[in-house]
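What follows is one structure encoded as structure tokens, with my remarks underneath.
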Amino acid sequence: MLFDSYKLDSKRLDNRYVVAPMTRISAEADGRANDRMKKYYQRFAKGGFSTIITEGIYPDRTFSQGYNNQPGMATDIHADAWKPIVDTVHEEGSILIAQLMHAGGQSQGNAYTDETIAPSAIPPKGEQLGFYGGSGTFQTPRAMDDQDFLEVKEDFVAAARRAKAAGFDGVEIHGANGYLLDQFLTDYLNKREDEYGGSVDNRLRFVLEVVDEVLAEVGEDFIIGIRISQGKVADQSH
């Protein structure tokens, strides 16, 4: 069955092999994708994977970046830098999905600000990852206010729009691995007392709002997925 073709929304794929997103920190310092990245994704497409999901891409020029040399989709310049990669993957017969990631309180490298935001002013458990350039414990983030909620949703929407314009076949919204949307889902990181905290339904609310607004922007002919996880590295310290 792994080698059988199948249809994913409007896309006919040759097989069910999918390259998972993997953090690589190999972009330019300003977030532009580069030729090294193009060769990396081209190898998977040439090797026969029908679908490739990119590494996490930050959607804004404020709080979303998680690592130094992480690629962005925060500007049209970022989107244009991805176009040669998209074209190369398509030429090999594969589709390319952009994973949109907001690091939230788990950011450990951001070219735009030294501040982090999260559902609550609670730092992530554990320590930053040395192989991604971090060190020591995470700083205490600022609890998001109404303006932050609005801006984060708008930035996910704008990044999805840019990804579609750049030729990507879809986006995967990163709601896993301890990043911002996962922080809303995590009871020991989300201590909000408003409609976004407390019950499971409340902790899901912001995640669903992001998904709904992205869908409304790019339409049903564009693949939209979400990544979630049952656990994360920080859980080991909890």
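Which value at 222 nm does the chain reach when only helices count, each DSSP H run of 4 or more adding -39,500 (n - 2.57), with the total divided by all residues and rounded to the nearest 500 deg cm²/dmol? Spell out each step's value before the answer.
Values: 5 runs with 73 residues, N = 238.
Value at 222 nm, helices only: -10000 deg cm²/dmol.
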**OP:** Report the full-extension gain for the segment Asp35 to Asp87: residue separation times 0.36 nm, less the Cα-Cα distance, to one decimal in nm.
**Re:** 17.5 nm
Original post:
Quick one: if you stick a label point 7 Å off each Cα along the C-beta vector at Arg43 and Glu154, how many nm between them?
Top reply: 4.1
Original post:
If you work out mean projected area of the Cα convex hull in nm² from the coordinates, which of (i) 14.2; (ii) 15.4; (iii) 12.5 do you get?
Top reply: (iii)
**OP:** Evaluate E = 1/(1 + (r/R0)^6) for Ala165 and Tyr132, where r is the Cβ-Cβ distance and R0 equals 30 Å; express this FRET efficiency to the nearest 0.05.
**Re:** 0.55
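Which of Arg203, Arg162 comes first, and how do the rest follow, when ranked by fewest Cβ neighbours within 10 Å?
Values: Arg203 20, Arg162 24.
Going from least to most buried by this count: Arg203, Arg162.
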**OP:** Could you tell me how many degrees, from 0 to 90 and to the nearest 10, lie between the Cα long axis of helix 35-46 and the main elongation axis, the longest principal axis, of the Cα atoms of the chain?
**Re:** 60
Original post:
How much length is gained on full extension from Leu204 to Asp14, taking 0.36 nm per residue of separation minus their Cα-Cα distance?
Top reply: 65.0 nm
**OP:** Specify whether the C-alpha gyration tensor of the range 195-236 places it in the rounded, prolate or oblate class, a ≥ b ≥ c being the square roots of the eigenvalues: rounded for a/c under 1.5, otherwise prolate if a/b is larger than b/c and oblate if not.
**Re:** oblate
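Bear in mind these aren't lab numbers, they're just calculated from the coordinates by the rules spelled out. Quick caveat, the model's predicted, so the values are computed rather than measured. Cβ atoms come from the backbone with ideal geometry, glycine included; neighbour counts cover every protein chain shown.
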